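Have a look at the structure below before the remarks.
Derivation of every value follows stated rules applied to the coordinates shown; laboratory data play no part. Remember, it's a predicted structure, so these values are computed and weren't measured experimentally. Cβ placement follows ideal geometry from the backbone for every residue including glycine, while neighbour counts extend to all protein chains displayed.
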Amino acid sequence: MPAFTRTDALLAIMALIWGVNLVVLKAALDVFEPLAFNAVRFTLASLAMIGVAMALGHGLPAKRYWGRIVLYGTIGNSIYQLGFIEGLAKTRAGNAALILAANPVVTATISHWLGHERLHWREWSGLLVSGLGVGVIVLGSGQDVTFGASRLGDLMVFAATVCWAIYSIGCQPLIAELGAVPTAAWTLATGSVLMLFLSVPDVTTQHWAGLGPAAWGAVLYASFLALVVAYLFWARGVRDVGPIRAAQYSNATPVFAFLAAWALLREVPTWWQLAGGMSVFAGMYLTRAAAARATTVGPPE
C-alpha cells in the first residue's frame, strides 16, 4: 500500500476547502450575481497567484509555453466556470452534484485513451465505488434529482466536467516543465480574461453598496482559499501523483461539504450521507491498493 504522503494530505485539504466553499457559495449567491461574484474572486485570485509565483522567483514563462497556457487556462477556468455556473442555474443542484462526481472517471477515461495512465480493472472499480458513494450522498440528502427535465443544464455541467479533465491532463506536461506554481498562476490568470469579459453585464447590475462584511468574507474565502491555495495543492497533486489520483480527491468534496454544513449550519447528515462518505473513501482506498499491486506485481492488464 503506498504511503499517505504530504501530497495526499494537501489534496485532502484541497477537498476540505472546496467542501466548505460549497457552503460559502450557497450563502454568497443569495446576494451576488453569479458572474459578478466570479469576476471579483478570479481577479483577486489571479493577482495573488501571480504575486506568489513572482515572490518564489518565477518570471514570465518563455514564449513557447504561452499557446498551451492560454489554451488550458481558457478550457479549465473560463469555459469550465461558465459551464458550471450557467449549468447549475438551469438544472437541479442534485443533478449537478451527480454529474460532477463523474470527474475522476472522465479524467481516467481520457488519460487512458491518450495512453498517459493505464489503469487496472481494480482501479476502475475503485473509481466507480467512489462515484457511487457521491450518488448515495446526494440522493440521501433529499436533493431533488430529475434527469431529462433540464437537458441543457445537465449537458453544460457535464461539459464543465470534461473541461476540467482536459485541463488536468493537459497541464501535467506544463507542470513538469514550468513547475506547479507558475502553471497554476498563469493558467488561472489567462483563463480569467474571457470570464471577466463575459461577466460585464452582471458586474454592472450588481448592487455593490448593499453588500455586508459576510458577503465580502465569502469573496475572500472563495478567492484566496478555494482558488489560490486549493489550485496550488491541486497542481502539486497532478505533478506528484498524476491527474487521475488527484481528480479522485474531488469526490471527497461533498463529504466535507455535508460535514461543514453540519458544523456551520446545524444540518445533521443522514445515515445515507454517512454511508456514501464511507463508500467514497473505500473507493479511494481500493484505487490506491490496486495501484500498489500493479506496481509490485507487474504492468496493468
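Laid out as a table, the results:
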{"item": "Pairwise label distance in nanometres, residue 27 with residue 89, each label 7 Å out on the Cα-Cβ vector", "result": "2.4"}
{"item": "Reciprocal mean inverse distance between Cα atoms of segment 177-234 - Kirkwood radius, Å", "result": "13.3"}
{"item": "Computed FRET value (nearest 0.05) for residue 125 with residue 60, which takes r as the C-beta separation and R₀ as 41 Å", "result": "0.40"}
{"item": "Extended-chain gain in nm, criterion 0.36 nm per residue less alpha-carbon gap, residue 9 and residue 70", "result": "19.0 nm"}
{"item": "Separation between Cα centres of segment 5-37 and segment 187-210, rounded to whole Å", "result": "19"}
{"item": "Gain on full stretching of the segment that runs from residue 224 to residue 207 - 0.36 nm per residue minus C-alpha separation", "result": "3.8 nm"}
{"item": "Approximate spin-label separation residue 114-residue 216, in nm, with each point projected 7 Å along Cα-to-Cβ", "result": "4.2"}
{"item": "Spin-label pair residue 197/residue 278, simplified geometry with 7 Å Cα→Cβ offset, distance in nm", "result": "5.1"}
